[in-house]
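First the structure, in the form of structure tokens, and then the observations on it.
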Amino acid sequence: LTPEDIKNIGGKAANFGMLRQSIPANSPTAMAFSMDLWDAFLDETLPGGKTLRADIQQRLAGFSFPPNMLALSATLSEIRKLITDTARFSPTMQQAVTNALKGFDASRNIRFRSSTNMEDSEQFTGAGLYDSFSGCLADDLDGDNSGPSHCDPSESKERGVFRAIQKVYASFYNDNAYLERLRHGIDEKAVGMGLLGRAHRERRRS
């Protein structure tokens, strides 16, 4: 990956590719997921019959800059909950993701970082707008939803990779992130989020 790949893979992953090429012995192996996964997730149908993408677009349709911040903040909170608590990856997507992560130690947390096409570029840095979360692959592969986490027994609940990925995706709609896109007049259809995943070197809550 090179900076030219930002449009498909996002800024962090594209720049991390250059880091791997430059100092492979002193940078961790990582996995990048392109925005195809993001697009497929947004096109999943919710229980009400609409796609996640259509639901989000409908909720945000009435906002322009400068917005009513109380109303916008409440709407964005609802969208983040929709992404983390209601939407789900299809079995096909889940299999593709777990297959891609087989190179990682399943018993160690994987750190997932946002990698959007609206950050780490000359025109838009996006620093601090999005969030990173950790997930345990073994928690998704054990066939149950019972804790504790296989990667950290001090965690009473499972903390799988799909939970982490959805929380990273939800941060695309953090208040400041959406406000910055609205302020710059960015077309929401033209932006998306890839992912950069790498093994944790230490355990920590997230």
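The values are calculated or read from the model by the stated rules, or taken from the named source; none is laboratory data. These figures come from a predicted structure and were not determined experimentally. Positions of Cβ are backbone-derived with ideal geometry, glycine not excepted, and every protein chain shown enters the neighbour counts. To get the accessible areas, we keep the full protein, side chains included, count just its heavy atoms, and leave off ligands, DNA and RNA. Shrake-Rupley method; radii C 1.70, N 1.55, O 1.52, S 1.80 Å.
Quickly run through the range 17-35 and pick out the residues that are open to solvent by 90 Å² or more (accessible area, probe 1.4 Å) and either without any contact (Cβ under 8 Å) to a residue 12 or more places away in the chain or of a type in the set (A, V, I, L, M, F, W, C) (or both).
GLN21, ALA25, ASN26
Would you check if PHE162 is hydrophobic (A, V, I, L, M, F, W, C), under 23 Å from LEU76 (Cα atoms), modelled with pLDDT of 95 or more and surrounded by fewer than 20 Cβ atoms within 10 Å (Cβ to Cβ)?
Against the criterion (hydrophobic (A, V, I, L, M, F, W, C), under 23 Å from LEU76 (Cα atoms), modelled with pLDDT of 95 or more and surrounded by fewer than 20 Cβ atoms within 10 Å (Cβ to Cβ)), PHE162 qualifies.
Sort out which residues of the range 71-102 are among the basic types (Lys, Arg) and under 16 Å from LYS50 (Cβ atoms), and write them in order of number.
Passing the criteria: LYS81, ARG88.
Any idea how many residues of the range 1-16 are open to solvent by 70 Å² or more (accessible area, probe 1.4 Å) and closer than 24 Å to LEU137 by Cβ?
Qualifying residue count, the range 1-16: 1.
For the range 9-25, which positions are in contact with a Leu (Cβ under 9 Å, 6 or more places away or on another chain) and not small (Gly, Ala, Ser)? Write out each step before concluding.
Within the range 9-25, the subset in contact with a Leu (Cβ under 9 Å, 6 or more places away or on another chain) is 9-10, 12-18, 20-21.
If the condition is that a residue be in contact with a Leu (Cβ under 9 Å, 6 or more places away or on another chain) and not small (Gly, Ala, Ser), then ILE9, LYS12, ASN15, PHE16, MET18, ARG20, GLN21 are the ones that fit.
Which residues, taken from the range 175-190, are touching a Lys or Arg at 6+ places or on another chain (Cβ under 8 Å) and surrounded by 18 or more Cβ atoms within 10 Å (Cβ to Cβ)?
The answer is none; no residue qualifies.
Looking at the range 54-65, which of the residues that are out of contact with any Phe, Trp or Tyr (no Cβ under 9 Å at 6 or more places or on another chain) and either open to solvent by less than 80 Å² (accessible area, probe 1.4 Å) or assigned to a loop (DSSP other than H, G, I, E, B) (or both) is modelled with the lowest pLDDT? Don't jump to the end; show me each part of the working.
Step one: of the range 54-65, the residues out of contact with any Phe, Trp or Tyr (no Cβ under 9 Å at 6 or more places or on another chain) are 54-55, 57-59, 61-62, 64-65.
Checking the rest, the ones that are also either open to solvent by less than 80 Å² (accessible area, probe 1.4 Å) or assigned to a loop (DSSP other than H, G, I, E, B) (or both) come to 54-55, 61-62, 64-65.
Details: ALA54: 97, ASP55: 98, ALA61: 95, GLY62: 92, SER64: 95, PHE65: 95.
Checked the range 54-65; the qualifying residue modelled with the lowest pLDDT is GLY62.
Quick test of your reading of the structure: ARG113 fulfils all but one of (1) at pLDDT below 95; (2) open to solvent by less than 60 Å² (accessible area, probe 1.4 Å); (3) of a type in the set (Lys, Arg). Name the failing condition by number.
(2)
Can you work out which of the residues in the range 66-80 that are over 23 Å from the mean Cα position of the chain (by Cα) and open to solvent by less than 50 Å² (accessible area, probe 1.4 Å) is nearest to LEU46 (Cα to Cα)?
Among residues in the range 66-80 that are over 23 Å from the mean Cα position of the chain (by Cα) and open to solvent by less than 50 Å² (accessible area, probe 1.4 Å), the one nearest to LEU46 (Cα to Cα) is ALA71.
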